[in-house]
Amino acid sequence: MPTKRRAGPAPIGNLSSGLVNVLLTGDDPEDPFLVHEEAPKERGGYLRRLFRENRPALLAEFRRRGLTGKPWVLRS
């Protein structure tokens, strides 16, 4: 009997999967320069603002991945 397939985790807000990786871990394996592309926007607290706006979903994704400690954006 076939099993149901899931498409994976639901998208978080309007964030790309790469940006979610940066917020949670500090980098994106598929685009290692993404964190540097977002850095100029950081003067206005861009990454922290994105994290605040999507906090519940990002924390749930952090736990789903089995990561420990704090998300990268909170450590930096």
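Where a number appears in this text, it was derived from the coordinates with a stated rule and is not lab data. Predicted, not measured: the structure shown is a model, and the values here were computed from it. As a convention, Cβ positions derive from the backbone with ideal geometry for all residues, glycine included, and neighbour counts pool all protein chains shown.
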Between Tyr46 and Ala60, what is 0.36 nm times their sequence separation minus the Cα-Cα distance? Round to one decimal in nm. 3.0 nm
Extension gain (nm, one decimal) between Leu67 and Glu38, 0.36 nm per residue minus Cα-Cα: 8.2 nm
Between Arg75 and Asp27, how many nm apart are label points set 7 Å from Cα along the C-beta direction? 1.2
